[in-house]
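Engineer: Just dropping this structure here.
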Amino acid sequence: MKLLYGALLIAQAAAAASSHGTFASPGNDVRLKFRYWLPDASVDTDTVVKDIEEAGAIGAGGVELLGLYNYGGSLAPQPDGADWATYGFGTPAFNTLFKASLQSARNTGMVFDFALGPSQGQGVPAKTTDEGLHWDLAPFNVSVPSNGTYNGQIPGWETGELVSLVSARVVNTSTIVNPASSLFSTPANNATRLVLATESLVDHTDVISADGMVSLSFNVSEHYSYRLFAYYQYQDLVKNLDIYENTTGSIFDNGSYTVDHFSARGAQTTIDFWENYILNDTDIKALLQEVGRYGWEDSIEIKSNISWSPSIPDIFEQINGYQLRKFLPLMMYGNNNPGVQPSYPGTLECVLDSEGQGQGYVNDFRAALEKGYQNYLDTLSAWLEGLGLGYSAQVSYNLPLNMEVSINHVVAPECESLAFNNNIDGYRQFSGVANVAQKNVVSNEMGANLEKAFALPLSELLGQINTAFAGGVNQIVLHGQSYTGNYHETTWPGYTSFFMLFAESYYNKQPAWGHGLSDAIDYVSRNQYILQAGQPRTDIALYNGVSMTDPQLETLYPTDDLTKAGYTYTYLSPANFNISQASVSDGLLAPESPAYRAIIVTSDQNVTWAGVMQLQQHANAGLPVIFSGGFPGYYPNGESTDKAAVYAALRMLGGSQNVYATGSGQTASKLQQLNLTPRVAVHTNGTWYPVLRTDNSTDYLFILSRDSDSRGYLTVSSTKTPYLLDSWTGKRRPLLHYQRRGNTTEIPLHLAANQTVAFAFSNELWSEIETPYLHALRVPSNVLGYNYSTSGGLLLHRSTDPCDDCIFQLSNGTSYDLSLNSTSLTSHLRNWTLIAEHWEAPNNISDAAIQAVKRNTTHHLDTLVSWLDIPGLQNASGLGYYSSSFSWPPSPAYIVDGAYLTFPKIAQGIKVTVNGHDVGPLDFTNPRVDIGPYLTSGANEVTAIVPTLMWNYVRSIYDEIEISGIAPLLSDPLPDRVDNGLIGEVKIIPYVTTRYMI
């Protein structure tokens, strides 16, 4: 089995390499994908097929089909006309549509992912007697009477199968407040905190009678009391779609049941459903094996009292060496779903009066949950691999577990921008173990922005995507593509996921769909081509030993010294050191990927004895270990008493070779003292994030400039020939301006806020690219751009603007003065004509299949301002057709050869022509293009087609909108209107061409 699995991985890797395409034209395997929101299987199949085809036509590489339904239980009632029993997940109608979607993907060459169940994919239709359905652990408690005697039935009897009855002496009681949650609209909630005497915990489970009666006596005092705690396991039959039909007599009558996520048995319930109700169609199975990539599961949104499975007590004892039962009072708070139950972690928190308050037992409980969850993941992974597919999941998302421990148990681990809050440090907590385990794909569900429906600019989305890329993500799945046809009780603008609570609906009712989105998709896909090439190279591993990942992924490394110097880092859990690839060789941890050069342990981390031993082994093998801010704390385990041993081991480790200490925030300085320079050092007045990957003889480098316009330079540990890769146009060319210093290459840069740039370093790259023998050491500020060919030499475009230092110097020492005796000829385009194409609802607003009713108004603008400032356009959305003209040449007294056209930053997309010639895609953050080839003597016309966000118009008809029978769920008052259109200055910057043979 292992040999077959290894062969499968090799074959998949070879297939992936051959299907990646080129940088200019990435293959569908590495392109951006859309999550496709399917309302249910009653929708028009031809429309679904058309939607998938249209996604491919604008550049998406694939779709991730999710039967959302948008109804069931507390979410919303079924709209009139909907019929789950007939059109639900896995019904014949669903399978027909599923097959047509697969055929559409095959016909268009797209890849196809699919949710393993409806809604979040957490479960499937099933019989209520199925033992693989979700389990809960119900807690009950009662105070022992003041006389110290308890005779009677134990609390909660007959709730389910009794797991344990525990008594404990209460030494202190207090109240705690669980904060309110704005995301889930839940109020603050009080809970009671009990401090229990450690030695008083006693398990009485074995003395309970068959009818739940017990007789117990305790030594009481006026200073303390006793309490009994009873715990029952039961299947709560919670549903990921809570629907009751009871019409067909089949498992499709009652919605979809959530499965047990802490056992292989829960995974088997999902597998059995697929085998019996979907894959029994041999055509579907064959199509999945042909075009399918990943079976997928979304964020885990299961509510419970305590995360549980009947397998947990046995797992707990196997891995911890003692029984769980008497310690269950410590598990009844904060061990349900911290992501979706933040205000309700439990009504009773019990802690011990000993040092650590019993946290070690909680840590051991979570370790057992992790093992059960890994059994669930491994079972689904093995099944999907047997079908020739992979498993993608948002690993541990919302569970009370250490996310990093289980990421390596799926083929394509996925995170989500919603919880990661655009935080690069948070993404690094996810990507580290994926890189060590050599996962080719680190996926991200991108763009689920709260209350930004129809109001999320592409520029903001791209900023979030670039942030994820900087944190180690390399595959974007956009949240999400919407069904374009009519649906039950749904008005224009059509079916919208989550009732407009989250962004974004990507479909042809968004003006950017056909006027700008394809450029953004190509940009993202080309960067994914780079970021999926070869293996990552990361400078530093940060130790992260926790029992539960913060659901909001807060920053763990609080100072910016590493980032300012250009050090790249990701996080590893101690459990990740057990991955086979996590060895140390030649002073590198995980030498194949990502080849960490040191590991850092900060003082706010906690370590076990085993963790210290692992660090000691790494140091002995030659890996630098750095303690930042002092020694870490102690990570307790339940019944172990090795705290003294841990600190003794830490002291021994601290005196070992290759182990160093430094102050908090001084880690970068210590690394530099050790000559462990970053592979890509940054020197800038802003903040730049490098991502480096190595693929055979080629190194790829992606740089993000965050938040502000900035200047500086990179020092790259390479002497290979550098090439500039334009992710917007797909063009590749040799880099003109750089300098070699020893074994490094120094590259000057000027980047706009949120701008990215990409490079390749290779001596064997792209034989079709002509590479000059010389390069430039100095390039003055008046050089706007350049072109190079072997026959034509280097053509420099220099503006007529003055410069302080106009010396151009080549790598052979030759210098040239590029100053011009002229005044600046830069001009601003004014006197614009704007034809605003209004996109509006049809007269029959229930006809949601219509793209839009369109009408035009004309506006004359001296300067380019927001539509909010143009009479008649404040509530308008659609397309702006802008036009203006200028005379060429600008001055008969001076000969110029061409010009650059610059636009203000682009919010939502743009298509520009000059004299009818399409100038190609523009960088949203720095829109500038050489228009020299398109200029003619006399009048020259510039046109720009600019899509707007739809929110301003949608907001104006908000009260008329209905989705699946209910009104949208945005807050009151509604979010404000947004700026639309071109805003700012458009410039014409003439240039003179100078030729050099280099």
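The values are calculated or read from the model by the stated rules, or taken from the named source; none is laboratory data. Computed from a predicted model, the values in this text were never measured in an experiment. Virtual Cβ from ideal backbone geometry, glycine too; neighbours counted across all protein chains shown.
Engineer: Give the residue, chosen from T641, T570, that is within 29 Å of I319 (Cα to Cα), polar (S, T, N, Q) and in a strand (DSSP E or B).
Structural biologist: T570
Engineer: Which of the numbered conditions does S406 fail, given that it passes all the others? Conditions: (1) touching a residue at least 40 places away in the same chain (Cβ under 8 Å); (2) small (G, A, S); (3) over 20 Å from E64 (Cα atoms).
Structural biologist: Only one criterion in (1) touching a residue at least 40 places away in the same chain (Cβ under 8 Å); (2) small (G, A, S); (3) over 20 Å from E64 (Cα atoms) is unmet by S406, namely (1).
Engineer: Then there's this: Please tell me if A533 is aliphatic (A, V, I, L, M), under 30 Å from A758 (Cα atoms), surrounded by fewer than 24 Cβ atoms within 10 Å (Cβ to Cβ) and within 21 Å of the chain's Cα centre (by Cα).
Structural biologist: In short, yes.
Engineer: Collect the residues in region 614-636 that are among the small types (G, A, S) and under 14 Å from Y647 (Cα atoms), keeping them in residue-number order.
Structural biologist: So in region 614-636, the residues among the small types (G, A, S) come out as 619, 621-622, 628-630, 633.
G630, G633 - these are the residues of region 614-636 that are among the small types (G, A, S) and under 14 Å from Y647 (Cα atoms).
Engineer: Considering each residue of region 377-399, count those that are touching a residue at least 24 places away in the same chain (Cβ under 8 Å) and outside any helix (DSSP H, G or I), and give that number.
Structural biologist: 12
Engineer: Show me the strands (runs of 3 or more DSSP E) found entirely inside region 53-166 where at least 1 residues are in contact with a strand residue (DSSP E or B) (Cβ under 7 Å, 6 or more places away or on another chain) and at pLDDT below 95.
Structural biologist: Details: elements: 62-67, 111-115, 135-143, 149-153.
In region 53-166, there are no strands (runs of 3 or more DSSP E) which contain 1 or more residues that are in contact with a strand residue (DSSP E or B) (Cβ under 7 Å, 6 or more places away or on another chain) and at pLDDT below 95.
Engineer: Then there is this: Taking the residues in region 297-323 that are assigned to a loop (DSSP other than H, G, I, E, B) and among the polar types (S, T, N, Q) as candidates, determine which candidate is farthest from Q552 (Cα to Cα).
Structural biologist: Per the stated criteria, the residue is Q323.
Engineer: For region 669-775, list the strands (runs of 3 or more DSSP E) that sit wholly inside it and hold at least 3 residues that are closer than 26 Å to L922 by Cβ; which are they?
Structural biologist: On the way: elements: 680-684, 688-695, 698-705, 710-716, 722-725, 732-734, 739-741, 744-751, 756-761.
Correct list: 688-695, 698-705, 710-716, 722-725, 732-734, 744-751, 756-761.
Engineer: Return the residues of region 37-59 that are without any contact (Cβ under 8 Å) to a residue 60 or more places away in the chain, farther than 23 Å from G90 by Cα and of a type in the set (A, V, I, L, M); say none if nothing qualifies.
Structural biologist: A57
Yes or no, residue by residue, for (1) assigned by TED's automatic domain parsing to the domain that holds V195; (2) surrounded by fewer than 23 Cβ atoms within 10 Å (Cβ to Cβ); (3) in a loop (DSSP other than H, G, I, E, B):
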site	(1), (2), (3)
V362	yes, no, no
N375	no, yes, no
L401	no, no, yes
E404	no, no, no
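Engineer: Quick one: how many residues across region 584-594 are touching a Ser or Thr at 6+ places or on another chain (Cβ under 8 Å) and over 24 Å from A661 (Cβ atoms)?
Structural biologist: 2
Engineer: Count, please, the residues in region 976-985 that happen to be hydrophobic (A, V, I, L, M, F, W, C) and touching a strand residue (DSSP E or B) at 6+ places or on another chain (Cβ under 7 Å).
Structural biologist: 2
Engineer: Run down T826, T858, T814 and say which single residue is within 18 Å of A876 (Cβ to Cβ) and either surrounded by fewer than 17 Cβ atoms within 10 Å (Cβ to Cβ) or in contact (Cβ under 8 Å) with a residue 12 or more places away in the chain (or both).
Structural biologist: T858
Each row is one residue, and each column tells you yes or no for (1) more than 30 Å from K326 (Cα to Cα); (2) polar (S, T, N, Q); (3) touching a strand residue (DSSP E or B) at 6+ places or on another chain (Cβ under 7 Å).
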| residue | (1), (2), (3) |
| --- | --- |
| E639 | no, no, no |
| K643 | no, no, yes |
| M652 | yes, no, no |
| V659 | yes, no, yes |
| T662 | yes, yes, yes |
| G665 | yes, no, no |
| K670 | yes, no, yes |
| P678 | yes, no, no |
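Engineer: May I pose another question? Within region 594-612, is there a residue that is basic (K, R) and either part of a strand (DSSP E or B) or under 18 Å from V546 (Cα atoms) (or both)? Steps first, please.
Structural biologist: Of region 594-612, the ones basic (K, R) are 597.
With either part of a strand (DSSP E or B) or under 18 Å from V546 (Cα atoms) (or both) added as a condition, the list becomes none.
Scanning region 594-612 turns up no residue that is basic (K, R) and either part of a strand (DSSP E or B) or under 18 Å from V546 (Cα atoms) (or both).
Engineer: Taking region 940-988 as the search range and keeping residues that are within 31 Å of the chain's Cα centre (by Cα), of a type in the set (G, A, S) and over 30 Å from Y900 (Cα atoms), which one is modelled with the lowest pLDDT?
Structural biologist: Filtering first and then ranking leaves S971.
Engineer: Continuing with this model, one more query. Note down all Cβ pairs under 6 Å where the first residue falls in region 331-355 and is modelled with pLDDT under 95, the second is assigned to a helix (DSSP H, G or I), and they're at least six residues apart or on different chains.
Structural biologist: Taking only residues 6 or more apart or on different chains, the pairs are S354/T198.
Engineer: Out of all the residues in region 120-168, which are surrounded by fewer than 17 Cβ atoms within 10 Å (Cβ to Cβ) and of a type in the set (A, V, I, L, M)?
Structural biologist: V142
Engineer: Sticking with this structure for a sec: Among the strands (runs of 3 or more DSSP E) lying completely within region 923-998, list those that include at least 3 residues that are closer than 24 Å to V865 by Cα and aliphatic (A, V, I, L, M). Step through it out loud before you land on a result.
Structural biologist: Details: elements: 928-930, 938-947, 987-996.
Once the strands (runs of 3 or more DSSP E) in region 923-998 are filtered for at least 3 residues that are closer than 24 Å to V865 by Cα and aliphatic (A, V, I, L, M), what remains is 938-947.
Engineer: Looking only at region 785-807, decide whether some residue is in contact with a Cys (Cβ under 7 Å, 6 or more places away or on another chain), loosely packed, with under 15 Cβ neighbours inside 10 Å and not β-branched (V, I, T).
Structural biologist: Here is the first cut: in region 785-807, the ones in contact with a Cys (Cβ under 7 Å, 6 or more places away or on another chain) are none.
Scanning region 785-807 turns up no residue that is in contact with a Cys (Cβ under 7 Å, 6 or more places away or on another chain), loosely packed, with under 15 Cβ neighbours inside 10 Å and not β-branched (V, I, T).
Engineer: So, of the residues in region 297-324 that are surrounded by fewer than 18 Cβ atoms within 10 Å (Cβ to Cβ) and among the charged types (D, E, K, R), which turns out to be farthest from V202 (Cα to Cα)?
Structural biologist: Here the residue is E301.
Engineer: Looking at S547, S580, S585, which one is over 30 Å from S307 (Cβ atoms) and either among the hydrophobic types (A, V, I, L, M, F, W, C) or not assigned by TED's automatic domain parsing to the domain that holds N335 (or both)?
Structural biologist: Of S547, S580, S585, the one residue that is over 30 Å from S307 (Cβ atoms) and either among the hydrophobic types (A, V, I, L, M, F, W, C) or not assigned by TED's automatic domain parsing to the domain that holds N335 (or both) is S585.
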